[in-house]
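Have a look at this one.
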Amino acid sequence: MGSLVLPHLHTGWHVDQAILSEEDRLVVIRFGRLGDPACMAQDEILYKIANRVKNFCVIYLCDLDEVKDFNSMYELYDPMTIMFFFRNKHMMCDFGTGNNNKLNWVLDDKQELIDILDTIYRGAKKGRGLVVSPKDYSTRYRY
C-alpha cells in the first residue's frame, strides 16, 4: 500500500527538482525496486509515518531501474537505500555501521525512524552536515 500512495520520482530531473525545491523540510528519498520485499516493507513504514512527519519532512520513492542516474554517484548497490537531503545538501547520519551516507537496511519500528528523521532535521537546521543517530546500530555488541 505504501508504495502506491507515496510520491514517485520517475526521472533524474524529478529527483533533482525534489531536492532543490524544498527549502524548509528534510527530503527523504527511498531508492530501490518496487517489487523488492525489503522495499515494500520499508515503504509501508514510510507511508505510516508520512502524516506524522509532514511538517518537517517530505518522503519520495525512486526506482533504481527506472532512474539510473544516481546509482554510481550515490553508490546505490543495495536492494533498498534511504538518503536524506536538506536545502540541496546531502545529509549524513552516523548509525555506527561505518556508512554515514545512507540507511541501507529495513527499519521496521516507526518511532525509531521518526526519531532518526527528527535528529537529522534538527542537525540540518543548525547547519550540521553529519549528525549522530539516536540509536547505535553497530553489530559489534550483539552476541
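Name the residue that is nearest to Lys102 (Cα to Cα), counting only residues in the stretch 45-77 that are surrounded by fewer than 16 Cβ atoms within 10 Å (Cβ to Cβ) and of a type in the set (D, E, K, R).
Glu75
Here is a further query. Report whether or not Leu76 is over 21 Å from Ala18 (Cβ atoms) and of a type in the set (A, V, I, L, M). If you could, list the steps in order and put the result at the bottom.
On the way: over 21 Å from Ala18 (Cβ atoms): no; of a type in the set (A, V, I, L, M): yes.
No; evaluated as a whole, the condition is false for this residue.
Has the stretch 73-95 got any residue that is hydroxyl-bearing (Ser, Thr, Tyr), out of contact with any Phe, Trp or Tyr (no Cβ under 7 Å at 6 or more places or on another chain), assigned to a loop (DSSP other than H, G, I, E, B) and closer than 22 Å to Trp13 by Cβ?
So the first thing to find is which residues in the stretch 73-95 are hydroxyl-bearing (Ser, Thr, Tyr), and the list is 74, 77, 81.
Still in the running and out of contact with any Phe, Trp or Tyr (no Cβ under 7 Å at 6 or more places or on another chain): 74, 77.
Cutting the leftovers down to assigned to a loop (DSSP other than H, G, I, E, B) gives us 74, 77.
With closer than 22 Å to Trp13 by Cβ added as a condition, the list becomes 74.
Yes, the stretch 73-95 has at least one match.
Being buried (at least 22 other Cβ atoms within 10 Å of the Cβ) and under 22 Å from Glu66 (Cα atoms) is the filter here, so list the residues in the stretch 103-122 that pass it.
Leu103, the sole residue that qualifies.
For every residue, the table says whether it meets (1) among the charged types (D, E, K, R); (2) in contact (Cβ under 8 Å) with a residue 24 or more places away in the chain.
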site: His10; (1), (2): no, yes
site: Arg30; (1), (2): yes, yes
site: Cys39; (1), (2): no, yes
site: Asp78; (1), (2): yes, yes
site: Ile82; (1), (2): no, yes
site: Met92; (1), (2): no, yes
site: Leu103; (1), (2): no, no
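The numbers here are math on the coordinates, done by the rules we state, and not lab data. Given the structure is predicted, the values throughout are model-derived calculations rather than measurements. Cβ atoms come from the backbone with ideal geometry, glycine included; neighbour counts cover every protein chain shown.
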